[in-house]
Amino acid sequence: MSGQVLVAGGVLAFAGTAIGLKKIDYDSIVHVAILASAFFVASLIHVNLGPSSVHLILNGVVGLLLGWAAFPAILVALLLQAVFFQYGGITALGVNTLIMATPAVVCYYLFSPFLNRGKRTVFAASFMAGAGSVLLSCLFLGFALYFTEKSFLEVSILIITANLPIMIIEGVVTGFMVTFLQRVYPEILPGKRRVG
Amino acid sequence: MNSKELKFSSFQGVCKEFSVGLLRISLVLIILVFWWCSPVSAHKVYVFAWAEGGVVYTESSFGDRRVNNGSIEVEDMAGTLVTKGVTDDEGNFSFKIPEDVSSDLVVNLDASMGHRAIWTVPLAEMQQAMGQGALSGDSSEDSKASLDLAMAQKEKLEKGPSAVKIVAGIGIIFTLAFAGAWVRGRINQRRINQGQGGKGQVRRGQGD
């Protein structure tokens, strides 16, 4: 990626993280830690699919349940992935955070209003959030790479095609996770938290 | 309930919620991990190169699978392009060492979608591979040490993430969250105290 993209990504990720930190209330800090841990571990979980394999991302569920707090959660998880497993790298940390967290926040605004409804609606909204956040992340990555590869459409199509299976898997996993959490741990859902 | 008791019960509540949260998220993660999933490394691309018999061999991999059709560019230390090509199905690419090689060579891998990696082949290693290494004993030892180091690095890169690192990562996240909760609690407490002090002063003022 070009230097300008890395710097711009870093600045925007910093701004998003600052907003996220400001919006975290005392009682939801534990939820941020739980979901940051889930995001940190998710990329280690591979799903074998034919000759290749794909890994979970879980930015949809992180965004759906945390909103803007997805920025600090994803930033910390990506930083630890870079330090411990050499994934992504430190220089691209800002851009990677932006690529993962912005779709998460978008999905929060689009789909979290449906989380107070029936089980089927919650599953459908969660599926859309899970799949949609991966789709948006692919588009953001295509856009970020446009500045170095100069072919947004081609790169985006290539990335989306490669990630199509994970979009579906991510949607299903997010759907099951949120409906499961709705049953056993409803406090974690937005709108159902205690006012503290 | 006085302010100290309020603070204590609030911190206790967070601790309790941490424990319950940890248990629940562990359950979800365990289900995910064992549900037809295998933990291996991802999004970690590397290129490894070594010189042998006048040729530099390169191997490109994502850890769990080889890089197919990845673009390789080889430059000298001055940034001049020496050669380029693409990896085969096995992630391999090789090139003949130039006769006039005078510096280390940098192998750049572009595995598309932003996945890039580099590997530097030391000059001494290439000279030895071309049959010139016997000229200097030090150079030969340096080359062997460099190759041993490279092999150790390759093995390290190919290893999957260790359980210790995963647990350490989760531990760091929760430590940060605990620290954040403590700081936020202190700030909230100070605000409550300031609010109570302010109200007291207002009341005293009204009484006067």
field: Scope segment B:107-139; condition among the hydroxyl-bearing types (S, T, Y) and modelled with pLDDT of 60 or more; matching residues
entry: B:S112, B:T120
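Against the definition (at pLDDT 80 or above and in contact with a helix residue (DSSP H, G or I) (Cβ under 9 Å, 6 or more places away or on another chain)), how does B:S103 come out, yes or no? Before you say what the answer is, go through the steps one by one.
On the way: at pLDDT 80 or above: yes; in contact with a helix residue (DSSP H, G or I) (Cβ under 9 Å, 6 or more places away or on another chain): yes.
So B:S103 passes the test.
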message: Tell me yes or no: at least one residue of segment A:170-178 is closer than 16 Å to A:G67 by Cα, away from chain B (no Cβ under 12 Å) and hydrophobic (A, V, I, L, M, F, W, C).
response: no
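Kindly indicate whether A:A13 is at the interface with chain B (Cβ under 8 Å from one of its Cβ atoms) and out of contact with any Pro (no Cβ under 9 Å at 6 or more places or on another chain).
No: the conditions fail for A:A13.
The values are calculated or read from the model by the stated rules, or taken from the named source; none is laboratory data. None of the values given here were measured: they were computed from a predicted structure. Don't worry about glycine lacking a Cβ; one is built from the backbone with ideal geometry, like all the others, and counts go over all protein chains shown.
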